[in-house]
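What follows is a single structure, written as structure tokens, with notes after it.
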Amino acid sequence: MWVDIILSLRQELIVAVIIFLLLFIKIGAAAYRTEAMLHFINLLLLANLLLGFFQGGDATLFSGMFHTNRLIVLEKSMLNLATLIVSLQAYSWLKGHRQVLEFYMLLLSTLLGFFFMISSGNLLIFYLGLELSTIPLAALSSFDLEKRRSSEAAMKFILSSAFSSALLLFGISLLYGATGTLGFDTLAGRLDGSAFQLFAFIFILSGFAFKISAVPFHLWTADVYEGSPVTVTAYLSVVSKGAVFFIFILALYTVFKPLAGNWYKIVVLLSVLTMVTGNLFALRQDGLKRLLAFSSIAQSGFILAGITGSSRGGEASVIYFILVYIFSNLGAFGVVSFISAQTGRESVNDYRGLYATNPLLSWVMAISLFSLAGIPPTAGFFGKFFLLMAGAGKGNFVFIGIAALNMVISLYYYLRVIKAIFMDSQPEPIGKLKIPLLPKIAFLVCVAGIVMTGLVGGIYDYIYSLSKGF
Amino acid sequence: MSPIPLSHILVVSAALFFIGMYGLLTRRNMITMLMAVELILNSVNINFVAFNKYLYPDKLEGVFFTLFIIAIAAAEAAVAIAIIINLYRNFHSIDVEDADEMKF
């Protein structure tokens, strides 16, 4: 009995144990060497990834509050992997920072929140997981305490996320009034599409749209991404967004399945707006962080296009794309983070002539951007292909045509960065940078991931075999 | 004496929700904006308790949800105020119009 519970909760328990371990080290240790501590924490995170990887069975705990299956274990392992990569890339930034332990405590608290959110079988646990992840994330985005932009970003993040949680909660309270239950399994049976339930659903959908930064709820994204430390931005754009997409697709495909005719139109509209606005605003950006922020808004639009498929292929393609997105976005953000920590330069023009001095960083950046743009040999192409294929299953070809056109528009700003790196030159290029071991491992993992997830066909088949479908 | 009907309570909570929304959108002081969000959360609490008592009195799901919302709202306010204090040290103001380093 107890063994079953511990095995089903193992990924959450390991993260919680690491948090408490770091807390006790913080209280007990008088002085420690930052670099040794960073290596130790990265080893812990690696152990966390490996221990969580082995597959357990399906389980439902705490009278339906918490449930897990092989797909959810895979999703959590993906988040573990992304956190490990982010942590490896943060090495050069954290090396000069005093509050390393606090950073990891907050980071892992958010991860724990995401785990509970993904496994939730009840709106209460879902809300608790969401808040356990959101509140530490706001503190993280203010982690460069003396920087004005960092504190401004944190203020914008906490106010808009508090507002979006309030909207979500108002929707949940109305849904509770309409159905009398909070459990996901009983909720689906009691939805009949009455006006009151649709009203509640719109509030819940707005709350979700805030978290995945879908247009018109995206206004906080660019500022928060630009102001936060680059490591936190990478974490926000990959782990936070991926986790919310996992639970969003679960909610739409199982809980709100009776309202599918209604949410299909809304999600199509959100998807088109998100793609177009994200791409058009990305065109005019000069700062790389802001460019990547708008590009990540546009990527959300493509993921929404996959969700509209309402099929088993739709679910599998979204999860597969998020795996690809973890590698490609973290590759790009890793380079920006490393160069920003070493030289403080973050605009596209600063990257002119980078290839002459730093070939490795240039190639990592180029491969990641090609994958984000969806150029064929990289995994990004297959990810977007599956998303659009799933979306096309509904026969709405005008919508899929708009999505394909947007992929062409997005090439412009991705290739602009690549042109700056490989073709342009400037009088003061970024000097030759020595890459420490840990960030180098992270870059190699990202590049290997981008190449391998595309070429190894078994990965998509495996995800497809696990997904439940519509 | 007849009991208060459910619709009266829902009108109060809806009014509280929109007052909070209005406050959030019009006020420029960060602490006031935070208070506006708390108003919205309180309207949610009223909703939950009223629905629980009037429609589904056999289970206590709504009341429990309210307890959790109160606790989390306190945590959220603590972090938000810490962030605002830090922002005040950097900007010497808690007016959102002054924190405008990043635009477009």
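Laboratory data are not the source of any read-out in this text; all were calculated from the coordinates shown. Just so we're clear, the structure is a prediction, and the values are computed from it rather than from any experiment. All Cβ positions, even for glycine, are placed from backbone atoms using ideal geometry, and neighbour counts span all protein chains on display.
Some points to look at:
- Residues in segment B:80-102 include none that are over 13 Å from residue A:159 (Cα atoms), in a helix (DSSP H, G or I), among the small types (Gly, Ala, Ser) and at the interface with chain A (Cβ under 9 Å from one of its Cβ atoms).
- Residue check, residue B:19 surrounded by 17 or more Cβ atoms within 10 Å (Cβ to Cβ), of a type in the set (Val, Ile, Thr) and more than 7 Å from chain A (Cβ to nearest Cβ): no
- Helices (runs of 4 or more DSSP H) wholly inside segment A:237-326 containing at least 2 residues that are free of Cβ contacts under 8 Å to residues at least 24 places away in the same chain: A:260-283
- The residue that is surrounded by the most Cβ atoms within 10 Å (Cβ to Cβ), counting only those in segment A:13-47 that are out of contact with any Ser or Thr (no Cβ under 8 Å at 6 or more places or on another chain) and under 15 Å from residue A:115 (Cα atoms), is A:15.
- The selection criterion, being within 9 Å of another protein chain (Cβ to nearest Cβ) and of a type in the set (A, V, I, L, M, F, W, C), does not hold for residue A:118.
- If you go through segment B:49-72 and pick out every residue that is in contact with a Leu (Cβ under 9 Å, 6 or more places away or on another chain), part of a helix (DSSP H, G or I) and either over 15 Å from residue A:124 (Cβ atoms) or more than 9 Å from chain A (Cβ to nearest Cβ) (or both), you end up with 4.
- Taking the conditions (1) touching a helix residue (DSSP H, G or I) at 6+ places or on another chain (Cβ under 6 Å); (2) farther than 17 Å from residue A:127 by Cα; (3) without any contact (Cβ under 8 Å) to a residue 60 or more places away in the chain in turn, residue A:219 satisfies each one other than (1).
- Residue check, residue B:33 part of a helix (DSSP H, G or I), in contact (Cβ under 8 Å) with a residue 60 or more places away in the chain and buried (at least 18 other Cβ atoms within 10 Å of the Cβ): yes
- Flag for residue A:109 being in contact with a helix residue (DSSP H, G or I) (Cβ under 9 Å, 6 or more places away or on another chain) and within 9 Å of chain B (Cβ to nearest Cβ): no
- Residue A:283 meets all of the listed conditions (1) over 30 Å from residue A:457 (Cβ atoms); (2) out of contact with any Phe, Trp or Tyr (no Cβ under 7 Å at 6 or more places or on another chain) but one, namely (2).
- Any hit, segment B:7-16, residues being more than 10 Å from every other protein chain (Cβ to nearest Cβ), assigned to a helix (DSSP H, G or I), surrounded by fewer than 13 Cβ atoms within 10 Å (Cβ to Cβ) and not small (Gly, Ala, Ser): yes
- Total residues in segment A:137-177 satisfying the condition of being more than 23 Å from residue B:21 (Cα to Cα) and either more than 8 Å from chain B (Cβ to nearest Cβ) or not in a helix (DSSP H, G or I) (or both): the figure is 10.
- Residue in segment A:214-225 that is nearest to the other protein chains (Cβ to nearest Cβ), counting only those that are buried (at least 24 other Cβ atoms within 10 Å of the Cβ) and part of a helix (DSSP H, G or I): A:223
- Selection of first residues in segment A:390-413 that are in contact (Cβ under 8 Å) with a residue 12 or more places away in the chain and of second residues that are in a loop (DSSP other than H, G, I, E, B) and of a type in the set (Phe, Trp, Tyr), restricted to Cβ pairs under 9 Å at least 6 apart or on distinct chains, gives an empty result.
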